[in-house]
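The values are calculated or read from the model by the stated rules, or taken from the named source; none is laboratory data. Model, not experiment: these values are computed from the prediction. Counting neighbours? That spans all protein chains shown, and the Cβs are built from the backbone with ideal geometry, glycine included. Areas reflect the complete protein model, heavy atoms only, side chains present, ligands, DNA and RNA absent. Shrake-Rupley method; radii C 1.70, N 1.55, O 1.52, S 1.80 Å.
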Amino acid sequence: MKRTIATLAAAILLAGCAAMGANTPPPAGPVFTLWSPGHPDGSALQQRHAGNLSSNPNCVGQNISPPLAWTNVPAGTRSFAMIMYDQEGRSGLGVAHWVAYNIPANVTAFAENEVSRPSPKFTGGKSTQNQAIYMGPCPPVNTGQHHYVYTVIATDLEPGALPAGLAMNELLERLNGRAKGGSSIVLRYGR
């Protein structure tokens, strides 16, 4: 019976990955792990994943967020927070591209393009560009490959506990002492 349930769970997970456009399996092992189906850690994003913001000439993409999923959630998790951060952005001062939180514990994936618009699955914070949704890479030409760090943080906070509009540093301050674990992946983009 346990084997049948495990086989069924694996089939459901793989079917979900296929629906997300995955061509890579979920990571193996017992560690809390963030991954992007179809985008191995360290791989390059396509131009369609780059930002699209009329006020910024470096945002030349379609702003389609990559799929994201996480496994082996820490015990006691009640919600998640997510951050996308470019350390090389703004000449080394960094750019927070996406800040989201109040993600319910039963949400363990976002399909491609799902976070590029408001959703009841998360509360939007405030990115460096004052956006409450995903804003893809917008590196200037000839600045090399920027490294976009996507981080999921498991928390013991109930969904809805945090107000909308928190900037990255404000969110991290509020999560101090409330985090249960975290995981990151790095995806690259340059022009």
(message) Quick check on my filter: what residues within the stretch 86-120 are open to solvent by less than 50 Å² (accessible area, probe 1.4 Å) and part of a loop (DSSP other than H, G, I, E, B)?
(response) GLY89, GLY94, ALA105, VAL107, ALA111, GLU114, VAL115, SER116, SER119
(message) Any residue at all in the stretch 104-117 that's more than 25 Å from PRO26 (Cα to Cα) and without any contact (Cβ under 8 Å) to a residue 24 or more places away in the chain?
(response) yes
(message) So for the stretch 62-72 (the condition being more than 18 Å from TRP35 (Cα to Cα) and either assigned to a loop (DSSP other than H, G, I, E, B) or touching a strand residue (DSSP E or B) at 6+ places or on another chain (Cβ under 9 Å) (or both)), does at least one residue qualify?
(response) yes
(request) Test each condition in (1) open to solvent by less than 20 Å² (accessible area, probe 1.4 Å); (2) under 15 Å from the mean Cα position of the chain (by Cα); (3) of a type in the set (A, V, I, L, M) for ALA132 and report the one that comes out false. (result) (1)
(message) Testing VAL141 on (1) farther than 21 Å from THR71 by Cβ; (2) open to solvent by less than 60 Å² (accessible area, probe 1.4 Å), one condition comes back false. Which one is that?
(response) (2)
(message) Quick check on this structure: which one of THR151, THR123 is under 16 Å from the mean Cα position of the chain (by Cα), among the hydroxyl-bearing types (Ser, Thr, Tyr) and surrounded by fewer than 20 Cβ atoms within 10 Å (Cβ to Cβ)?
(response) THR151
(request) Within the stretch 45-61, track down each residue that is assigned to a loop (DSSP other than H, G, I, E, B) and free of Cβ contacts under 8 Å to residues at least 24 places away in the same chain. (result) GLN46, SER54, SER55, PRO57
(message) Please pick out the residue among ALA164, ALA154 that is small (Gly, Ala, Ser), assigned to a loop (DSSP other than H, G, I, E, B) and over 19 Å from GLY51 (Cα atoms).
(response) ALA164
